[in-house]
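Chemist: Take this structure, written in structure tokens, and hold onto it; I'll ask about it next.
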Amino acid sequence: MSDTNAQPQYSEIGRRLAAIRQAESQMSQKEWAEKHSFGVTQYNNWEKGVRRIAVDEAERLCNLYGLSLDFIYRGNISGVSDKIKNLL
């Protein structure tokens, strides 16, 4: 029997992705996904922590917004803007 109250496996990564989106725009998940050529459902699953963002897509966000993979995947906030930190 599965635990229906369990947190999604990648919830912390999803929380960081949401912080990036909210710090860098006023866009909805749908608008953000479309802007970055991500599937809307795919991006929603990333933010919810149901799925983990693939490295190539994470690298694209890193290059666009001056972030590191260490921040997205591991939560290392070195070099992250205060705007993003405040949303975490």
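Every number here is computed from the coordinates shown, using simple stated rules; none is lab data. Remember, it's a predicted structure, so these values are computed and weren't measured experimentally. Glycine also receives a Cβ, built like all others from the backbone with ideal geometry; neighbour counts cover every protein chain displayed.
Chemist: Could you say whether any residue in the range 60-71 is basic (Lys, Arg) and either assigned to a loop (DSSP other than H, G, I, E, B) or more than 18 Å from Tyr10 (Cα to Cα) (or both)? Reasoning before the result, please.
Modeler: Of the residues in the range 60-71, the ones basic (Lys, Arg) are 60.
Still in the running and either assigned to a loop (DSSP other than H, G, I, E, B) or more than 18 Å from Tyr10 (Cα to Cα) (or both): 60.
Looking for residues that are basic (Lys, Arg) and either assigned to a loop (DSSP other than H, G, I, E, B) or more than 18 Å from Tyr10 (Cα to Cα) (or both), one finds at least one in the range 60-71, hence yes.
Chemist: With respect to Arg51, determine if the residue is in a loop (DSSP other than H, G, I, E, B), basic (Lys, Arg) and in contact (Cβ under 8 Å) with a residue 12 or more places away in the chain.
Modeler: Values: in a loop (DSSP other than H, G, I, E, B): yes; basic (Lys, Arg): yes; in contact (Cβ under 8 Å) with a residue 12 or more places away in the chain: yes.
Against the criterion (in a loop (DSSP other than H, G, I, E, B), basic (Lys, Arg) and in contact (Cβ under 8 Å) with a residue 12 or more places away in the chain), Arg51 qualifies.
Chemist: To continue, here is another question. Considering every residue within the range 33-47, establish whether at least one is among the β-branched types (Val, Ile, Thr), in a helix (DSSP H, G or I) and in contact (Cβ under 8 Å) with a residue 24 or more places away in the chain. Show your work before the answer.
Modeler: To start, the set of residues in the range 33-47 that are among the β-branched types (Val, Ile, Thr) comprises 40-41.
Next, only the ones that are in a helix (DSSP H, G or I) stay: 40-41.
Narrowing further to those that are in contact (Cβ under 8 Å) with a residue 24 or more places away in the chain: none.
Checked the range 33-47: no residue is among the β-branched types (Val, Ile, Thr), in a helix (DSSP H, G or I) and in contact (Cβ under 8 Å) with a residue 24 or more places away in the chain.
Yes/no per residue for (1) of a type outside the set (Phe, Trp, Tyr); (2) over 11 Å from the mean Cα position of the chain (by Cα):
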position	(1), (2)
Ile13	yes, no
Leu17	yes, no
Gln22	yes, no
Ser28	yes, yes
Ser37	yes, yes
Leu61	yes, no
Tyr65	no, yes
Val80	yes, yes
Asn86	yes, yes
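Chemist: A follow-up question, please. Are there any pairs, at least 6 apart or on different chains, whose C-beta atoms fall under 6 Å, with the first in the range 70-88 and touching a residue at least 24 places away in the same chain (Cβ under 8 Å) and buried (at least 16 other Cβ atoms within 10 Å of the Cβ) and the second in a loop (DSSP other than H, G, I, E, B) and aliphatic (A, V, I, L, M), and if so, which?
Modeler: These pairs meet every condition: Phe71/Val80.
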